[in-house]
Amino acid sequence: MKNKKDIYQGFEQGPIRPPSESQSLLIRFTRNCPWNKCLFCPVYKGEKFSLRSVENIIKDIDITCNYLNKIIENTENNKQIDQNLINKIFNDSKNKDRTAFNAALNWYFTGMESIFIQDANSLIMKPDNLIYVLKHMKKCFPMAKRITSYARSHTIARIKPDIMKDIADAGLNRIHIGLESGSDKVLDLIKKGCTQEMHINAGLKVKNAGIELSEYIMPGLGGIDLSKDHALETAKALNKINPDFIRIRTLAISPRTLLFEEYEQGRFKKSSDFMMVKELKLLVENLNNITSYIKSDHILNLLEDVQGKMPEHKEKILRVITDFLEMEPEKRVYYQVGKRMGVFRKTQDLSDITLLKKVKETCKLYNITSNNIDSIIQELMGRFV
Ligand code: SF4
């Protein structure tokens, strides 16, 4: 079980987690992404994938668990936790790992309900090792109601159904998959390394194992040329999978990606915000016979209130989308700018005169109009990711 090359250098944390895991304890099982080829993804570029040894993952879990137990012990009987007590707990502890201590402390303050396994695809671990560390983690943190990991469909497709069930029994109860698109043409274009069929098989396997499933979709990923195919084929795949959650994460082209080069050279024709919202409308219109919850929980999304349970909220979601598409062009520009400035969250915020005034002043200052809004949005979003 021991990976001789993996020298322990203290408690580790990876660079990202999904927005829905903001209150989770982050435990790193693997480093970076074993695929690392998706054209739109800047996260692990230049970083090499590696497996952490079981021994080192266990060390991270144990250190965090010891700190957590000390924090709980010291705060029993409603004792007030202040900076002095925090310093005392840390100084009295045998280990002196500030990152692990802070992870335990944050988790304590956020209710100790969920754990997120990092990084991009820890299901690539040998199943025996994965099951072993999951069981150990469950034992150390019995209060955790949810244990989640990112995973690639390609990896899940290779795991036998009974092994997937064992992984679920060991404690993994939610998986986030970057479906991105159900269109084989788009998947090929962005080098996702899997097909619609693989996505469907993997999604169904996760669900059949009793694990909750989130599928991330990416409006705009097919560019202008494949927009329709992207919307229709993604809806088709989602209709077959019926994931628990469909999470929207709008395309933003970071200068650190290979897709940026394609875009700069004119080979990838990026859809405008308006086109992406139209594409999202087509996708939602074609979602049928599913009970998924649609979530728009990423800062890059233009319409935060495209949220709700299918099928009962389908009409409400489509109304939000149509309201944006039918706005006067000038008002639409104000909303786009305000949303990306973090001033607006929802289209209704346009009726707040103070907020609108702020956005209008910005548009005037930088001469933002319906003629240049698309290039400005690309610049803003590219800088953000
Ligand atoms: S599989 Fe995920 S983390 Fe890896 S390159 Fe693709 S999008 Fe990025």
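Where a number appears in this text, it was derived from the coordinates with a stated rule and is not lab data. Computed from a predicted model, the values in this text were never measured in an experiment. Glycine gets a Cβ as well: all are built from the backbone with ideal geometry, and neighbour counts include every protein chain shown.
Annotations
- Each of P18, I71, G178 was placed along the dipole of the chain (beta-carbon charges, centred on the mean Cα), and the one lying farthest toward the positive end is I71.
- The calculated pair-distance distribution of the chain uses every alpha carbon pair, bins of 20 angstrom beginning at 0, and gives 26, 52, 22, 0 percent.
- Computed about its Cα centre, the charge dipole of the chain is approximately 740 debye, with only Lys, Arg, Asp and Glu carrying charge at their Cβ.
- Taken over the C-alpha atoms, the range 1-151 has Rg and Dmax values of 16.0, 53 angstrom.
- Straight Cα distances below 20 angstrom link K160 to the aspartates and glutamates D128, D169, E197, E212, with same-chain residues fewer than 8 positions distant left out.
- Spin-label model, R267/K79: points 7 Å from Cα along the beta carbon direction are separated by 6.3 nm.
- Within the same chain, lysines fewer than 8 places from K358 are excluded, and of the rest, those with a Cα less than 27 Å from its Cα are K331, K339, K346.
- Translational diffusion of the range 172-326, µm² s⁻¹ [Kirkwood Rh, Cα pairs; Stokes-Einstein; 37 °C; 0.692 mPa s]: 210 µm²/s
- Ranked for footprinting exposure by Cβ neighbours inside 10 Å, fewest first, S271, S22, S50 give S22, S50, S271.
- Simple spin-label estimate for K126 and K37 in nanometres, 7 Å along Cα-Cβ: 2.6 nm
- Distance from the Cα centroid of the range 334-365 to that of the range 116-183 is 41 Å (rounded to whole angstrom).
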